1. With a cut-off of at most 13 other beta carbons within 10 Å, and DSSP calling the residue loop, which trypsin sites (Lys or Arg not before Pro) in segment B:2-62 qualify? Please list them.
2. Using alpha carbons only, how many degrees (0 to 90, rounded to 10) separate the axis of helix A:175-204 from the longest principal axis of chain A?
3. Using a Gaussian network model of chain A whose springs link C-alpha atoms within less than 10 Å, name the residue from A:Ser95, A:Ser80, A:Ser108 with the highest mean-square fluctuation.
4. According to a simple spin-label model (label point 7 Å from Cα along Cα-to-Cβ), what is the distance in nm between A:Arg194 and B:Lys38?
5. With a cut-off of 8 Å between alpha carbons and a minimum separation of six or more residues, what is the relative contact order of chain B in percent?
6. Compute the long axis of helix A:127-169 from its Cα atoms, compare it with the longest principal axis of the Cα atoms of chain A, and write down the angle in degrees, 0 to 90, nearest 10.
7. Can you give the angle from 0 to 90° between the axis of helix A:75-84 and the longest principal axis of chain A, with both taken from C-alpha atoms, to the nearest 10?
8. Roughly speaking, what % of Cα-Cα pairs in segment B:4-90 are separated by over 19 Å, rounded to a whole number?
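What follows draws every value from the coordinates through simple rules; no lab data is involved. Since this is a predicted model, take the numbers as computed values, not measurements. All Cβ positions, glycine included, derive from the backbone under ideal geometry; neighbour counts span all protein chains shown.
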Amino acid sequence: MGAKDIKPTRSELIELKKKIKLSQSGHKLLKMKRDGLILEFFDILSKAKDVRSELDKAYEVANKKIGIANAVDGIITVKSTAFALQDIPQIELESRNIMGVVVPKIESSSVRKSIEERGYGILGTSSYTDEAADAYEILVENIIVAAEIETTMKKLLDDIEKTKRRVNALEFKVIPEMQESMNFITLRLEEMERENTFRLKKIKG
Amino acid sequence: MELAVVGRSEFVTGFRLAGIKKIFEVNNHVELEPTVKKVLEDRDIGILVLHGDDLSKLPEMLRNTINESVEPTVVTLGGSGQSSNLREKIKQSVGVDLWK
């Protein structure tokens, strides 16, 4: 809205004043939301870093263990053992609300199982396969935790960006433009007032 | 919901040992793209596990979809894909590289 497109009337001025007040309170609120989101983000960030490094470590360990199992028992044996497993780890996705951002909360049924619960014969396989299964169960648990935290972070970041844009737009574009228009109207009204007085004086004279 | 794993046979075997059933073995990168797309459309899958190298083989568009997808959430292992993605996103949103 350019300053020249508006009608310099008193009602327009009152309207603009109202709008500016509203925008300013909106700006203040959004700024608080942005700061709150960033604080929340810092909390999650340190968690995410820990979870990532743990996940990478767990993957490395699991990879090594399955390598050994493959070497000792043979790839085919390990594979056929893997196919015998029955219990599927189930996950539940719930949602949580952080300052208007809906983030997932992932709950899982227990992934860790004892050897008897796994469902393959203990005699047919070596302890290396058991160890590999153990390591992968730990890895899956870590993956579930990482998935929750990393998604939360992605969503928070998206919202931080959106809020930041809004705050900046209000601060540097919307409010200054309205203030400019308001100044224009005030000046114009004063000018009209002066013109009127002059006209009256002329008629009188 | 369930977990799903997409990758080469040596990558997925271990996950079978952990009890995951939705395993998609992909042995060449031609099959990779349609498989990943299929998994992304499956409403019963909550988390998709991919190898970092496989992720980098996917076309840019699909990678962006994966990075933004929440349901299913995609977790990558190995390679340096995921953390650098998040790092870029943090830089873009906050303005400072906080992932150190």
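1. Here the trypsin sites (Lys or Arg not before Pro) that fit, given the DSSP loop and packing criteria, are B:Arg43.
2. 10
3. A:Ser80
4. The modelled label-to-label distance comes out at 7.9 nm.
5. Details: 134 pairs, mean separation 24.5, N = 100.
Worked out over chain B, it gives 25 percent.
6. Tilt of helix A:127-169: around 0 degrees.
7. Rounded to the nearest ten degrees, it is 70.
8. Details: 1198 of 3741 pairs.
Here the tail beyond 19 Å accounts for 32 percent of pairs.
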